[in-house]
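Read through the structure below, which is laid out as structure tokens, and then see the notes.
The values are calculated or read from the model by the stated rules, or taken from the named source; none is laboratory data. Everything numeric here is computed off the predicted structure, so don't read it as measured data. So basically every Cβ, Gly included, is an ideal-geometry build from the backbone, and we count neighbours across all protein chains shown.
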Amino acid sequence: MKKTMKKMVALLCCLALVTVAFAGCAGTKPANEPEATPAAGDESAAPSGEVETITLRIGAGHTPESGQWIKVIEDFFMPEIDARLEGTGYEIEWVTAWGGSVAKLGEVLEAIETGLLDIGYIVYVFEPSKLMLQGMTYRMPFQSGDPLLVAEASAYMYDKYPEFKEDFNKYNQSCLAVSVSDPYNMYANFDVKSYTDLEGVKVGAAGANLSWIENTGAVPVQTNLNECFTCLQTGVYDATIQPTGACYKLQVHTEAPYLLEAHFGVQSFGAISMNNDTLAGLPEEVKSVIEEVSVEYQTKEAEYILQRYEEDKAGMEAEGTTIYTLPQEERVKWAAMLPNVVGDLCDELTELGYPAKDIISDYYGFLQENGYEMIRDWELN
């Protein structure tokens, strides 16, 4: 019996040893052994597929309906950036704040500076003290009415004179792209065909462009696009100087059904600007894509403005608007009776330390080289 028990114990020990040995040969990896890294080019090695989401808050005082410059941001700028980031491992979650929901007109520059917005669209005319240089065309009435030409001239000036972009850096941000307005004209609730019709009339405009009605006898009223319809409806003013496309979308022509196509000019209107801290914190791939698309936005926006101008005029006319195009000789008379507003602009910019005479002369020179005819020889000191 004892011999039998000894044999059974010996047999069990042998079986245990064989089991351990077999397990050791099975290739089981110890817990502390690292995973093998697949060799480059190994088709069995699938990418992780992880995408980093970057949240960017973008806003403006206007909406895509009231500002064509915002519509092109929404229809081109943002989706084009999204498309080009596909496959890079990054994507953007856009948080939009249009129509002054975060920063109203005149507040966007500060909102970007403080980081309340990462990206914003700044309208120069509502930042007259901080961005006077950038909004200089608002003090240059009857300049070119060609959106593409004004866009090219603006880009040329920003490239040649570093002061245009340096001013943004004073407020902790970088100018990504500049854009233009559609042509400015006058809308009235009475038949207007000349500056001689404005005696005693209350005329609403954004601010700097109120200089376009000096010496006409008109009563200037500062306003903005967002309140234009209501102000006309309630009699705050009887005429307004505004960009055409925005007026059509906001139904301004229904309260002011007389359009004087005075051709005050297309304006270097505003800029897409980005907080410097946000920009510096972006991955290089993302930063490059944003910068590339920003350059293209400038042309896309001007092309859209040009396309929409005639379409919007036709739409207003079909809805009962009376359109009168101011003859060239009347435009010359209007410009001649104004004070030397461009000379005053030059003096003010010079006092602020800018090479104003060179800048203004170069701007007009670029326009003239590309077909624009000066309507008045403004005196620059």
Check every one of the strands (runs of 3 or more DSSP E) wholly within segment 244-332 and list those with 2 or more residues that are crowded, with 24+ Cβ neighbours inside 10 Å and at pLDDT 95 or above. 258-265, 268-275
Is it the case that segment 137-155 has a residue that's acidic (Asp, Glu), in a helix (DSSP H, G or I), closer than 29 Å to Val286 by Cβ and modelled with pLDDT of 95 or more? yes
Within segment 71-89, identify whether any single residue is of a type outside the set (Val, Ile, Thr), part of a strand (DSSP E or B) and either in the same structural domain as Val289 (by TED's automatic domain parsing) or at pLDDT below 95 (or both), and answer yes or no. no
If we scan segment 296-304, do we find a residue that is in contact with a helix residue (DSSP H, G or I) (Cβ under 6 Å, 6 or more places away or on another chain), among the basic types (Lys, Arg) and not assigned by TED's automatic domain parsing to the domain that holds Val252? yes
Between residues in segment 60-75 that are more than 14 Å from Thr96 (Cα to Cα) and residues that are surrounded by fewer than 20 Cβ atoms within 10 Å (Cβ to Cβ) and of a type in the set (S, T, N, Q), which pairs lie under 7 Å by C-beta distance while being six or more apart or on different chains? Ser66/Asn226
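Every residue, every condition in (1) touching a strand residue (DSSP E or B) at 6+ places or on another chain (Cβ under 8 Å); (2) not assigned by TED's automatic domain parsing to the domain that holds Gly67, yes or no:
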{"residue": "Glu166", "(1), (2)": "no, no"}
{"residue": "Gln173", "(1), (2)": "yes, no"}
{"residue": "Thr196", "(1), (2)": "no, yes"}
{"residue": "Ala208", "(1), (2)": "no, yes"}
{"residue": "Ile213", "(1), (2)": "yes, yes"}
{"residue": "Glu227", "(1), (2)": "no, yes"}
{"residue": "Asp238", "(1), (2)": "yes, yes"}
{"residue": "Ala256", "(1), (2)": "yes, yes"}
{"residue": "Glu261", "(1), (2)": "yes, yes"}
Could you say whether any residue in segment 295-312 is closer than 21 Å to Ala188 by Cα and free of Cβ contacts under 8 Å to residues at least 12 places away in the same chain? yes
Going through segment 76-132 in order, the residues found to be among the acidic types (Asp, Glu) and under 17 Å from Ala271 (Cα atoms) are Glu107, Glu110, Glu113, Asp118, Glu127
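Would you mind stating whether Ile92 is in contact with a helix residue (DSSP H, G or I) (Cβ under 8 Å, 6 or more places away or on another chain), assigned by TED's automatic domain parsing to the domain that holds Lys170, farther than 20 Å from Glu166 by Cβ and part of a helix (DSSP H, G or I)?
Numbers: in contact with a helix residue (DSSP H, G or I) (Cβ under 8 Å, 6 or more places away or on another chain): yes; assigned by TED's automatic domain parsing to the domain that holds Lys170: yes; farther than 20 Å from Glu166 by Cβ: yes; part of a helix (DSSP H, G or I): no.
So Ile92 fails the test.
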Matching residues, segment 289-312, being acidic (Asp, Glu) and under 18 Å from Glu152 (Cβ atoms): Glu296, Glu301, Glu303
Within segment 333-348, take every residue that is of a type in the set (Gly, Ala, Ser) and farther than 24 Å from Glu152 by Cβ and give me the one that is surrounded by the fewest Cβ atoms within 10 Å (Cβ to Cβ). Ala336
Would you pick out the residues in segment 350-381 that are farther than 21 Å from Ala155 by Cβ, part of a loop (DSSP other than H, G, I, E, B) and within 28 Å of the chain's Cα centre (by Cα)? Leu352, Gly353
Evaluation of Cys231 against (1) in contact (Cβ under 8 Å) with a residue 60 or more places away in the chain; (2) under 21 Å from Glu107 (Cβ atoms); (3) hydrophobic (A, V, I, L, M, F, W, C) (one fails), failing number: (1)
